[in-house]
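Working notes for the structure below.
The values are calculated or read from the model by the stated rules, or taken from the named source; none is laboratory data. Everything numeric in this text was worked out from a predicted model, so none of it was measured. Here the Cβ is made from the backbone with ideal geometry for all residues, glycine too, and neighbour counts use every protein chain on show.
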């Protein structure tokens, strides 16, 4: 299943997604019970969707994780679809997102580093030259004032 296929009030959702952003968890109390909830953003190659995480699931996942939701549920709130595990679904972290893997394997940009170094060296040389130059005024001019 893919994000583009999801519909409001759809159950039995089995999907693999990359978590791209995590919101701040907030606490609530309802029917005399307290809990925590947060909203994350998850995506696949077809789009993104808000992901509602409850209680212990909040600690299991972080931005950059690849997750699998089994038997999830799509709700709609303020005209926007939101995916959650619902009452009967599960969520598991199955690895890192493709973007997180790319960031890890991305080495230093040697060309960029060289350019920055050369610019800094040039600025330093200009500064040193400026210090070596004689002032364009005489000491006598200063004494007169």
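Among residues of segment 46-76 being assigned to a loop (DSSP other than H, G, I, E, B) and over 17 Å from the mean Cα position of the chain (by Cα), the one that is farthest from residue 12 (Cα to Cα) is 55.
Can you tell me which of 63, 100 is within 29 Å of residue 44 (Cβ to Cβ), at pLDDT below 75 and surrounded by 14 or more Cβ atoms within 10 Å (Cβ to Cβ)?
On inspection, the qualifying residue turns out to be 100.
A single member of 139, 112 is exposed (fewer than 10 other Cβ atoms within 10 Å of the Cβ) and modelled with pLDDT of 65 or more, and it is 112.
Among the residues that make up segment 32-43, is at least one of them in contact with a strand residue (DSSP E or B) (Cβ under 6 Å, 6 or more places away or on another chain) and either part of a helix (DSSP H, G or I) or at pLDDT below 75 (or both)? No, that holds for no residue. Evaluating residue 41 against the criteria (1) surrounded by 15 or more Cβ atoms within 10 Å (Cβ to Cβ); (2) farther than 19 Å from residue 94 by Cα; (3) out of contact with any helix residue (DSSP H, G or I) (no Cβ under 9 Å at 6 or more places or on another chain) leaves one unmet condition, (2). For residue 81, the conditions (1) part of a strand (DSSP E or B); (2) exposed (fewer than 15 other Cβ atoms within 10 Å of the Cβ) all hold with the exception of (2). Scoring residue 88 on the criteria (1) in a strand (DSSP E or B); (2) more than 24 Å from the chain's Cα centre (by Cα) leaves a single failure, condition (1).
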